[in-house]
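Visitor: Got a structure here, written out as structure tokens. Questions coming.
The values are calculated or read from the model by the stated rules, or taken from the named source; none is laboratory data. What you are looking at is a predicted structure, and each value in this text was computed from that prediction instead of being measured. Here the Cβ positions follow ideal geometry from the backbone for every residue, glycine too, while neighbour counts run over all protein chains shown.
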Amino acid sequence: MAKRIEGPYDFSRYGFTTYADGATWELAAGEDFTVQPGSLVAAARRWAAAEGLDVETKIKEETPKAPAVVAIRFRKPQRLHAVDRSAS
């Protein structure tokens, strides 16, 4: 039987909170994630948008000697500041 839950629910299989410290992280296929690299990137983008963060990603394709790797970095959005041109 279905049950109702209270509060927000994380529909993403991957919780990116651990990686949202501003550092660049490399996640290895088969060790850190089990989906296609592009699916992990899409999930990271959705999570970042929901958290009000920017995310940069890069996929290093699988080779015969190494699994695919997804590099990710979450950052606070850069704010543009107005330029005061009245002083010129």
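Visitor: Go through the range 19-44 and give me each residue that's hydroxyl-bearing (S, T, Y) and modelled with pLDDT of 90 or more. Even if it seems obvious, please write down each step before you answer.
Guide: Initial filter on the range 19-44 (hydroxyl-bearing (S, T, Y)): 19, 24, 34, 39.
Passing the criteria: Y19, T24, S39.
Visitor: Hey, another quick one. For the range 43-64, how many residues meet the condition of being surrounded by 13 or more Cβ atoms within 10 Å (Cβ to Cβ) and of a type in the set (S, T, Y)?
Guide: So the answer is 1.
Visitor: Name the residues in the range 33-42 that are surrounded by 13 or more Cβ atoms within 10 Å (Cβ to Cβ), touching a strand residue (DSSP E or B) at 6+ places or on another chain (Cβ under 8 Å) and of a type outside the set (A, V, I, L, M), would you?
Guide: Those that are surrounded by 13 or more Cβ atoms within 10 Å (Cβ to Cβ), touching a strand residue (DSSP E or B) at 6+ places or on another chain (Cβ under 8 Å) and of a type outside the set (A, V, I, L, M): F33, P37.
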